[in-house]
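The values are calculated or read from the model by the stated rules, or taken from the named source; none is laboratory data. Everything numeric in this text was worked out from a predicted model, so none of it was measured. Note that each Cβ is placed from the backbone with ideal geometry, even for glycine, and that neighbours are counted across all protein chains shown. The accessibility values were calculated without ligands, DNA or RNA, using every heavy atom of the protein model including side chains. Shrake-Rupley method; radii C 1.70, N 1.55, O 1.52, S 1.80 Å.
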Amino acid sequence: MDGDGLKDIVTGKRFWAHGSHGDADPESPAVLYWFKLVRPAKGQAHFVPHLIDNDSGVGTQVVAGKILNKKYPDIVVGNKKGVFVFVHQTTEVSHEEWEKAQPKVTNP
């Protein structure tokens, strides 16, 4: 996703994936993420989450490929909420803005 040569992962939560009684949390947001693969040392791998959207979800049809952005892959998702095209955009932000955008760890 970021052009560093390492394979990243695109995934998320489906909207009402198994209905109101089969979903672990049917009312939680239908999110779409990409997870950046980071290799800090030989034999190690970490995935850093990047939220793409919190109101579309992933779905059974998801494709990452170059549609409008010629440098980075865009993402197309089809699911119960509709069809979504996410054009890959990069933005320079301050360290404070970056910190604020990072996922928060919560205890169940």
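Residue pairs whose Cβ atoms lie under 6 Å apart, sitting 6 or more positions apart in sequence or on different chains, and linking a residue in region 13-34 that is on the phi > 0 side of the Ramachandran plot to a partner that is not hydrophobic (A, V, I, L, M, F, W, C), are Trp16/Pro26. Counting only strands (runs of 3 or more DSSP E) that fall entirely inside region 1-94 and contain at least 1 residues that are open to solvent by 70 Å² or more (accessible area, probe 1.4 Å), the qualifying elements are 9-12, 46-53, 61-65, 82-86. Just checking, which of Ala64, Ala30, Ala45 is modelled with pLDDT of 90 or more and in contact with a Pro (Cβ under 6 Å, 6 or more places away or on another chain)? Just a single option satisfies the conditions, and that option is Ala64.
Scan region 26-40 for residues that are more than 19 Å from Asp74 (Cα to Cα) and of a type in the set (Ser, Thr, Tyr) and jot them down. Correct list: Ser28 only. Val38 fulfils the conditions (1) aliphatic (A, V, I, L, M); (2) under 12 Å from the mean Cα position of the chain (by Cα); (3) under 20 Å from Lys104 (Cβ atoms) except for a single criterion, (2). Between Lys71, Lys80, the distinction of being more than 17 Å from Met1 (Cα to Cα) and in contact (Cβ under 8 Å) with a residue 60 or more places away in the chain belongs to Lys80 only.
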